[in-house]
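To keep things clear, I will list the structure first and then write my remarks on it.
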Amino acid sequence: MLFEAFLAWQLGALVRVAPGAAAKIGWGLCLVQVAGVVFSILYFSVAPAIFSLAVAACVGLAAWRSRLSAKPMAI
């Protein structure tokens, strides 16, 4: 999870340079967090599952927003 946090931190800087690439990696991180939700429900309690779900939602929102900034604006 520390590596995932480090990778998300680096994606914040990457989104300024290459938002399309950052969005793809962000969606991958979102899928990893969704898998964490499933494993938390199966093997742990509800509290870690809720936390994992919140993190997955935040990462998914960030990936979605970076995908929007990657599209060129029509004039």
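In terms of the Cα gyration tensor, with a ≥ b ≥ c the square roots of its eigenvalues, is the chain rounded because a/c is under 1.5, prolate because a/b exceeds b/c, or oblate?
On the way: a/c = 3.42, a/b = 2.21, b/c = 1.55.
Taking the square roots of the gyration eigenvalues as a ≥ b ≥ c, the chain is prolate.
In sequence order, the stretch 9-18 has phi-based couplings of 4, 5, 5, x, 7, 5, 5, 6, 8, 9 Hz under the Karplus curve 6.51 cos²θ - 1.76 cosθ + 1.60, θ = phi - 60°, and Gly or Pro positions carry x. Listed values for the stretch 21-29 are Karplus-derived 3J(HN,Hα) couplings in whole Hz (6.51 cos²θ - 1.76 cosθ + 1.60, θ = phi - 60°), namely 5, 5, 5, 5, 5, x, 5, x, 5, and x replaces Gly and Pro.
Rule-based calculations on the coordinates, nothing more; no lab input. These figures come from a predicted structure and were not determined experimentally.
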